[in-house]
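> I have a structure here, written as structure tokens, and I will follow up with some questions on it.
The values are calculated or read from the model by the stated rules, or taken from the named source; none is laboratory data. What you see is a predicted model; the values in this text were computed from it and never measured. Because the Cβ atoms are built from the backbone with ideal geometry, glycine has one as well, and the counts that use them run over all protein chains shown. To get the accessible areas, we keep the full protein, side chains included, count just its heavy atoms, and leave off ligands, DNA and RNA. Shrake-Rupley method; radii C 1.70, N 1.55, O 1.52, S 1.80 Å.
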Amino acid sequence: MVLALETGHVVVDETTGERSLSVVVRNTGDEALHVITGGAGLSYDESEGVLSVAWAGPDPSQAPPQIDIVSFHPFTPPQRVLAPGETLVLSVAVPNVVHTFRPAGGLSGLGGAGVTVDEIKQVQATVEYKATPFQPVRGAASPTETWRQARIGAAAAHARLKVSSRPPDPNPGPTAS
Amino acid sequence: MVLYVDMSIGSPDLVFADLYSLTGQDGLGENNVLGHPDLSMITYGTPSTSSPVAARIKQLVDTAADIVISAVPSSYVLPNGAAISTAAGATFRDNTPPPPFVIRVIYDYEMCSGSGYWVAGETKPKIDMPRAIILYHELSHAWHLASGTIAATPAAEEIAAELDENIARTHFGEDTRLTTSHDGGCGSPTTKTPDWNLDCFIVAATMDQQEAKDQVDALRNFRDSVLRSTPVGLQFFERLYAEYYSYSPGLARHVVQDPALRAALREHLVLPLLDVCSWAARLVEQGPGPGPGLGTSEATLNRLLRENAFPAVPAPRRSPAELIQELVVTGLLDRDVAGRPYTSWALLQPVAFHAWLSDALSRRGYPVDRALVAEVDGRVQSWWARRPADMDAAQPGESLHTWAAAAWSFRRLLDEAGRA
């Protein structure tokens, strides 16, 4: 059960100027994989021009200790079944500014400056997958436990990819592995 | 002990718009917060309605807790590393020192980058999750937290919030949610706008509740059963709303709190526009005439104007352009609003037409003569010719006559279906 992350591309919409990032993944194993196709949090390293993106289920346990999350009930992430040898293009819209929660303390807004996404030189991609569907279990004691159970048997592929501006083939189809 | 709106991120205007939508426009206000320029404090007088939703908002405003609402973009990364679009909304207690600790309500004002959200329904597999309902759901968690009534487990708390949400859904006539499931995701199952009850926002903001309900319902009926029944009509409203939503929540936010502005907009824009829309609706319901433009006859036009008592409101003292200019100067509207193609064509030019026709009728009186009929027809055709350049993309070359004819045919089918 192996998922390979092959290439990354940044596509710019000529009309709106909006950018999207696409990453081509390939199932190099010999069994079908359920691949998460919905993006979780983005982050951008200004010094190196690296955009990090995870097509992965949420991890409610990441919250810092001073944050007591009362309501965060993530939806079942969108998934695609990828046959052995088949490729898939994962895409995510790239905002001009990435805003991430930064504890400010006391009565305050969440604005902050945000991180401006300038040139994207590389992408640090994570893609979560497993042989069976990611299906959160109803009735678990907490979202953290729900997702711990949903992740049983899952793996994550990680890769740092150089990105080009060449758009990917929208229908790469199955290829020989 | 206050409900605050975060002014430092996303769209504070839309938070206000959603609160306005939930409360039914009655008694909302806001104040600056000394020492906190990034926050605005929501005020809310005693609701004049028995709405359980309005009552809940009132409880939140009066509660002994600090609650900060932030409307964030879809890509906003929550404290747990997930994008807000993975859940649509989140509520947490922020214990980061120094005190006071705050309850934070965060929701996705961009509605999953414009695609909307669905959740599992009681009677349908997928139902719409309007933006204001997302906020209400999260405010339910905030209320449970603030009032010490939070459920023992996250799962039970979620069900409690969904039950609260269903009270709001029932109140607003929305499909109710299946509380034994938390399935959902991106992609609205309907063609509803994310602004839900705010599609006629400025109309509602400038009129009293019953008056607004009647007028807004009539407009929605005309829009949904007639104008949106053709490809051009459907696309037209999508583009008009895209423009309208970019400025209307901000403007309405001021309108609600400024009686003079409310009166000015009502006199110069809203009432003339409703008047001309009402007249146009009756014209369309007559069915297409034989001519190339409106195709209406002298007798028909006379009858329509008289039956409709047109003009129902006098021509305003100032032109819409003058009012828009005043709003631009005072910073309530962007300079380019009047130049936006759909706003100009569909909202401002009809108001100008209303002023012209009102004036002509007051000078020439009834019955309308052949020359005036020809002039009305010519102005309407000229208006149609000035439509936005991209409006025909859905059905190239569609004329006013064919749009009206198609809309009329559809309406007739609906009427026949209703009789059957």
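> Output the residues belonging to the stretch B:28-46 that are surrounded by 17 or more Cβ atoms within 10 Å (Cβ to Cβ) and within 22 Å of the chain's Cα centre (by Cα).
If the condition is that a residue be surrounded by 17 or more Cβ atoms within 10 Å (Cβ to Cβ) and within 22 Å of the chain's Cα centre (by Cα), then B:LEU28, B:GLU30, B:ILE42, B:TYR44 are the ones that fit.
> Do we have any residue at all in the stretch A:111-121 that's part of a strand (DSSP E or B) and either open to solvent by 60 Å² or more (accessible area, probe 1.4 Å) or within 30 Å of B:TYR4 (Cα to Cα) (or both)?
yes
> With the condition kept exactly as written, say whether any residue in the stretch A:156-163 is closer than 20 Å to A:ALA56 by Cβ, small (Gly, Ala, Ser) and either open to solvent by 30 Å² or more (accessible area, probe 1.4 Å) or without any contact (Cβ under 8 Å) to a residue 12 or more places away in the chain (or both).
Quick first cut of the stretch A:156-163, residues closer than 20 Å to A:ALA56 by Cβ only: A:156-161, A:163.
Filter once more, so that each one left must be small (Gly, Ala, Ser): A:156-157, A:159.
Now narrow it down to the ones that are either open to solvent by 30 Å² or more (accessible area, probe 1.4 Å) or without any contact (Cβ under 8 Å) to a residue 12 or more places away in the chain (or both): A:156.
Yes; the residues of the stretch A:156-163 include at least one that is closer than 20 Å to A:ALA56 by Cβ, small (Gly, Ala, Ser) and either open to solvent by 30 Å² or more (accessible area, probe 1.4 Å) or without any contact (Cβ under 8 Å) to a residue 12 or more places away in the chain (or both).
> Going by the conditions given, is B:SER75 closer than 27 Å to A:ALA63 by Cβ, part of a strand (DSSP E or B) and of a type outside the set (A, V, I, L, M)? Working first, answer last.
Working: closer than 27 Å to A:ALA63 by Cβ: yes; part of a strand (DSSP E or B): no; of a type outside the set (A, V, I, L, M): yes.
Taking the combined requirement at face value, the residue does not satisfy it.
> State which residue is farthest from the other protein chains (Cβ to nearest Cβ) when the search covers only the stretch A:124-150 and only residues that are among the charged types (D, E, K, R), closer than 15 Å to A:THR76 by Cβ and open to solvent by less than 60 Å² (accessible area, probe 1.4 Å).
A:LYS130
> Which one of B:ILE134, B:ILE167, B:ILE67, B:ILE84 is within 24 Å of A:SER108 (Cα to Cα), of a type in the set (A, V, I, L, M, F, W, C) and in contact with a Pro (Cβ under 9 Å, 6 or more places away or on another chain)?
Matching residue, one of B:ILE134, B:ILE167, B:ILE67, B:ILE84: B:ILE84.
> Consider B:ALA152 against the criteria (1) open to solvent by less than 20 Å² (accessible area, probe 1.4 Å); (2) in a loop (DSSP other than H, G, I, E, B): it satisfies all of them except one. Which criterion is unmet?
Exception for B:ALA152: condition (1).
> Can you pull out every residue in the stretch B:96-119 that is facing chain A (nearest Cβ under 10 Å), small (Gly, Ala, Ser) and either over 19 Å from A:THR100 (Cβ atoms) or outside any loop (DSSP other than H, G, I, E, B) (or both)?
First, the residues of the stretch B:96-119 that are facing chain A (nearest Cβ under 10 Å): B:96-106, B:110, B:112-114, B:117-119.
Filter once more, keeping what is small (Gly, Ala, Ser): B:113-114.
Result: B:GLY114, single match.
> Check whether at least one residue in the stretch B:12-26 is open to solvent by 50 Å² or more (accessible area, probe 1.4 Å), outside any helix (DSSP H, G or I) and touching a residue at least 12 places away in the same chain (Cβ under 8 Å), and report yes or no.
no
> Would you please list the contacts, defined by Cβ atoms under 7 Å and residues six or more apart or on different chains, that run from a residue in the stretch B:155-184 that is away from chain A (no Cβ under 14 Å) to a residue that is among the acidic types (Asp, Glu) and open to solvent by 40 Å² or more (accessible area, probe 1.4 Å)?
The qualifying pairs are B:ARG169/B:ASP175; B:THR176/B:GLU122.
> Residues that are at pLDDT 55 or above and more than 15 Å from B:PHE236 (Cα to Cα): does the stretch B:338-346 have at least one?
Yes, the stretch B:338-346 has at least one match.
> Anything in the stretch B:335-355 that is polar (S, T, N, Q) and either over 12 Å from B:TRP383 (Cα atoms) or touching a strand residue (DSSP E or B) at 6+ places or on another chain (Cβ under 9 Å) (or both)? List them, or say none.
B:THR343
> Also, quick follow-up: Considering the stretch B:247-262 alone, what residues qualify as being free of Cβ contacts under 8 Å to residues at least 24 places away in the same chain and in a helix (DSSP H, G or I)?
If the condition is that a residue be free of Cβ contacts under 8 Å to residues at least 24 places away in the same chain and in a helix (DSSP H, G or I), then B:PRO259, B:ALA260 are the ones that fit.
> Look through A:GLY49, A:GLY153, A:GLY106, A:GLY114 and report the one residue that is in contact (Cβ under 8 Å) with a residue 60 or more places away in the chain and on the phi > 0 side of the Ramachandran plot.
A:GLY49
> When only residues in the stretch B:76-95 that are in contact (Cβ under 8 Å) with a residue 12 or more places away in the chain and open to solvent by 10 Å² or more (accessible area, probe 1.4 Å) count, which is farthest from the other protein chains (Cβ to nearest Cβ)?
The residue in question is B:SER85.
> Of (1) more than 20 Å from B:SER246 (Cα to Cα); (2) surrounded by 21 or more Cβ atoms within 10 Å (Cβ to Cβ); (3) among the small types (Gly, Ala, Ser), B:GLY116 satisfies all except one. Which?
Looking at each condition in turn, B:GLY116 falls short on (1).
> Could you check the stretch A:44-67 and list, in sequence order, the residues that are within 7 Å of chain B (Cβ to nearest Cβ) and modelled with pLDDT of 85 or more?
A:GLN66, A:ILE67 - these are the residues of the stretch A:44-67 that are within 7 Å of chain B (Cβ to nearest Cβ) and modelled with pLDDT of 85 or more.
> Being more than 7 Å from every other protein chain (Cβ to nearest Cβ) and under 23 Å from A:LEU51 (Cα atoms) is the filter here; which residues of the stretch B:35-75 pass it?
Correct list: B:SER74 only.
> Check B:ALA389 against each of (1) closer than 18 Å to B:LEU283 by Cβ; (2) small (Gly, Ala, Ser); (3) not in a helix (DSSP H, G or I) and name the one condition it does not meet.
(1)
> Can you confirm whether the stretch B:352-366 contains a residue that is over 20 Å from B:SER278 (Cβ atoms), touching a residue at least 40 places away in the same chain (Cβ under 8 Å) and outside any helix (DSSP H, G or I)?
Just the residues of the stretch B:352-366 that are over 20 Å from B:SER278 (Cβ atoms), to begin with: B:363-365.
Of the ones still in play, those that are also touching a residue at least 40 places away in the same chain (Cβ under 8 Å) are none.
No: the stretch B:352-366 contains no residue that is over 20 Å from B:SER278 (Cβ atoms), touching a residue at least 40 places away in the same chain (Cβ under 8 Å) and outside any helix (DSSP H, G or I).
> Let me ask something else about it. If I filter the stretch A:71-99 down to residues being facing chain B (nearest Cβ under 7 Å) and open to solvent by 40 Å² or more (accessible area, probe 1.4 Å), which single residue comes out as nearest to A:ASN27 (Cα to Cα)?
A:PRO78
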